[in-house]
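A quick write-up on the structure given underneath.
The values are calculated or read from the model by the stated rules, or taken from the named source; none is laboratory data. What you are looking at is a predicted structure, and each value in this text was computed from that prediction instead of being measured. Note that we place each Cβ from the backbone using ideal geometry, even for glycine, and neighbour counts take in every protein chain shown.
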Amino acid sequence: MHLAQALSNRGRRGRKRDFVDAERLVKRLVARELTLSFVPDAEQRLWRTVTRKKYQLRRDLVRIHNQLEALLEQAHIKLSSLVWDLLGVSARRMLKALADGETNPAALAALAHERLRATPEQLCDALGACTQLNPVYRRLLKMTLEHLQILEQQIGQLDQELATLLHPHQDAVERLAEVPGFAVDSAQQIIAEVGPAAATFPSEKCLSSWVGACPGEEESAGVNYSHRSPKGNRHMRRLLNQTANAAVKAKGSIFEIIYRRCVPRLGHNQAIGVIAHRQCRLIWLILHQGTRYEERGPAVTKRSRYQGTWRMIRQLRNLGYRIELPNPDASQAQA
């Protein structure tokens, strides 16, 4: 059974006739004129279900985070002006103590981490309204913190579930995570969408067209009227947009060089589209041909590569992957 796009089987205008339509469908299938849709197998559909569920939970986490900040603003607690992350270590300690009934601003300020830039006097001033805080706000704050904890636990469970499902394809995850702007999580999402070897797509151009990361061609009589990208897989488009914005911030990478060269002429949005197109073609090469990424940027140092490698290894080990590092003494002895 094949799933074909309806536009490729468009018939003549008029009354619908089932027998004639079925005959035309078979003839176009034999002549390879139908555009078949990509339907992954059952295992890959399970990967997609887990990754998309985790994305929904993260959206819920961001929504609850915004509601928490709005609740603190209504209670006249200006903690977000001093702490950049309300879900960080210092902010969680203070908010949990506040929800449990603590009313002394000095005691709450003492719970902050020693590396927090805000001084105790500034924290006491921001938390001054907690002395007359209505008990309803405390109960609402406690409910919000409990909701955030439940969401984080569920996201952690999905992380472990996805790591178990993709354990046979650990090498593909590692090779994708080496690309600037990518990480273990984004590599898992990409494999869930296109497959561990991108075997469905015969070339990198086909993958870019399916994702919708390539420039469009609306041409008539030799005049191109629009370069707008076609509609594609919205999950991959979102993911490539995020990875492209992260890649252009990697100091000394080839993506940063291309972005700085394109942004004066194209602007930020189109320059990010160029980076996303290059990353999409790179994904096909890494997965389909089994190659590894090699940075060609001029300003890449040994220290930055070392830090990036250990960051990736730490993420993989936290997810349960087994990473074996080569023994330098053995390599020197062989040499």
*Which one is farthest from the chain's Cα centre (by Cα), of the residues in the range 139-180 that are closer than 25 Å to ALA250 by Cβ and among the acidic types (Asp, Glu)?*
ASP171
*The one condition in (1) within 19 Å of GLN153 (Cα to Cα); (2) surrounded by 17 or more Cβ atoms within 10 Å (Cβ to Cβ) that LYS96 fails to fulfil*: (2)
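Determine whether ARG237 is touching a Gly at 6+ places or on another chain (Cβ under 9 Å), modelled with pLDDT of 90 or more and at negative phi. Walk me through it before giving the result.
Numbers: touching a Gly at 6+ places or on another chain (Cβ under 9 Å): yes; modelled with pLDDT of 90 or more: yes; at negative phi: yes.
So ARG237 passes the test.
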*Look at ALA126 and say whether it is at pLDDT below 90, small (Gly, Ala, Ser) and in contact with a Lys or Arg (Cβ under 6 Å, 6 or more places away or on another chain).*
yes
*Considering ALA75, ALA91, which residue is under 30 Å from the mean Cα position of the chain (by Cα), of a type in the set (Gly, Ala, Ser) and assigned by TED's automatic domain parsing to the domain that holds TYR137?*
ALA91
*Quick check: is even one residue across the range 296-317 surrounded by fewer than 17 Cβ atoms within 10 Å (Cβ to Cβ), over 23 Å from THR200 (Cβ atoms), of a type outside the set (S, T, N, Q) and modelled with pLDDT of 90 or more?*
no
*Limited to the range 114-130, what total is found for residues that are assigned to a helix (DSSP H, G or I) and either in contact with a helix residue (DSSP H, G or I) (Cβ under 7 Å, 6 or more places away or on another chain) or of a type in the set (Lys, Arg) (or both)?*
6
*Given the structure, is GLU102 loosely packed, with under 15 Cβ neighbours inside 10 Å, modelled with pLDDT of 85 or more and of a type outside the set (Phe, Trp, Tyr)?*
no
_For the range 1-20, which positions are free of Cβ contacts under 8 Å to residues at least 12 places away in the same chain and of a type outside the set (Val, Ile, Thr)?_
MET1, ALA6, ARG10, ARG12, ARG13, GLY14, ARG15, LYS16, ARG17, ASP18, PHE19
*If you scan the range 131-149, which residues turn out to be among the polar types (S, T, N, Q), more than 27 Å from ARG58 (Cβ to Cβ) and assigned to a helix (DSSP H, G or I)?*
THR131, GLN132
_Criterion: surrounded by 15 or more Cβ atoms within 10 Å (Cβ to Cβ) and modelled with pLDDT under 90 - qualifying residue of LEU34, LEU57_ = LEU34
*Across the range 107-118, which residue is nearest to ILE77 (Cα to Cα) among those that are exposed (fewer than 14 other Cβ atoms within 10 Å of the Cβ) and either touching a Leu at 6+ places or on another chain (Cβ under 9 Å) or basic (Lys, Arg) (or both)?*
ARG117
_Condition (residue is of a type in the set (D, E, K, R), modelled with pLDDT of 90 or more and closer than 30 Å to ARG59 by Cα) applied to the range 197-216: is it met by at least one residue?_
no
*Could you figure out which of (1) of a type in the set (Val, Ile, Thr); (2) closer than 23 Å to THR35 by Cβ; (3) out of contact with any Cys (no Cβ under 9 Å at 6 or more places or on another chain) isn't true of THR200?*
(3)
